[in-house]
Amino acid sequence: MTTPRPKILSIDDNQVLNLMRQKVLAISGFDCDLAYTAEQALAMLLTSHYDVILLDYYLPGTTGLQVANTISTIRPALPIIVVTGEEIHERCDAIHSYLIKGDGPEVLLQKLNALVKSKSMMMKTMHAVAS
């Protein structure tokens, strides 16, 4: 039995950046769906399972922090990484971590792998306790 690839939702209104992120993640062993607006992303969350959310800070008509708070009411345990072009001084309990866009794909992959690994270990522990 093969282990399913971790599934990521990347929310960014920059189509080129979002497509590049999807390609890098696919090569690195992740499945990645794309959303370009907060509304589109929230609709996708209602119908699909994701292991991690990548969330741009600046979205049309809203901020990543507002979207993160909404996501946390729909999927409370879902890790969210806010991806931004500048340092953010505002903090939010719904956000797991922050990533500066210029940091490069290796930093993104490191964060994603750590989150997926810890989530997998937590699920195995919960399954063992329930058995």
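All of the numbers you see were taken from the coordinates with simple rules; none came from a lab. Since we're looking at a predicted model, the values are computed, not measured. Positions of Cβ are generated from backbone atoms using ideal geometry, with glycine treated the same way; all protein chains shown enter the neighbour counts.
Per 5 Å bin, what percent of the C-alpha pairs of segment 57-101 does each bin hold, from zero upward?
5, 24, 35, 24, 10, 2
If you take the charge dipole of the chain about its Cα centre, with +1 on Lys and Arg Cβ and -1 on Asp and Glu Cβ, which of L54, N18, T3 is farthest toward its positive end?
Among L54, N18, T3, the one farthest towards the positive end of the dipole of the chain is T3.
For the chain, calculate the relative contact order in percent as a whole number, restricting contacts to Cα pairs under 8 Å that are 6 or more residues apart.
20 percent
Counting only other residues whose beta carbon sits under 13 Å from that of V16, what net charge do I get with K and R as +1, D and E as -1?
Around V16, the charge tally is 0.
Debye sum, Cα scatterers, the chain, no solvent: what log₁₀ I/I(0) at q = 0.11, 0.15, 0.20, 0.21 1/Å?
Results for the chain at q = 0.11, 0.15, 0.20, 0.21 Å⁻¹ read -0.37, -0.68, -1.22, -1.35.
If I model a spin label as a point 7 Å beyond the Cα along the Cα-Cβ vector, how far apart are those points for L17 and K101 in nm?
Placing both labels 7 Å along Cα→Cβ, they lie 0.2 nm apart.
Just to check, using Stokes-Einstein with a Kirkwood Rh over alpha carbon pairs, what's the diffusion coefficient of segment 12-72 at 10 °C and 1.306 mPa s in µm²/s?
So the translational diffusion coefficient is about 132 µm²/s.
Over segment 1-77, what is the relative contact order in percent, taking alpha-carbon pairs closer than 8 angstrom and at least six residues apart?
With pairs under 8 Å counted, the relative contact order is 35 percent.
Among the DSSP beta bridges whose two residues both lie in the chain, what percent are antiparallel, rounded to the nearest 5?
Counting only bridges with both partners in the chain, antiparallel ones make up about 10 percent.
To the nearest 10 degrees, how steeply does helix 38-47 sit against the main Cα axis of the chain, on a 0 to 90 scale?
Here the helix axis deviates by roughly 20 degrees.
Determine, from the Cβ-Cβ distance of S28 and T84 and an R0 of 22 Å, the FRET efficiency 1/(1 + (r/R0)^6), rounded to the nearest 0.05.
After rounding to 0.05, the efficiency reads 0.55.
Please give the helix 105-130 orientation as an angle from the longest Cα principal axis of the chain, in degrees from 0 to 90, rounded to the nearest 10.
Approximately 40 degrees, to the nearest ten.
Sum -39500 (n - 2.57) across every DSSP H segment of at least 4 residues in the chain, then divide by the residue count to get the 222 nm mean residue ellipticity, nearest 500.
-15000 deg cm²/dmol
Of A68, A26, A41, which has the largest mean-square fluctuation in a 10 Å C-alpha GNM of the chain?
Highest fluctuation among the options: A26.
Once the Cα atoms of helix 64-74 and of the chain are each reduced to a long axis, what angle between those two axes, in degrees from 0 to 90 to the nearest 10, is obtained?
The answer is roughly 30 degrees.
Applying a 10 Å radius around every beta-carbon, put 29-38, 4-13 in order of their mean neighbour count, most first.
4-13, 29-38
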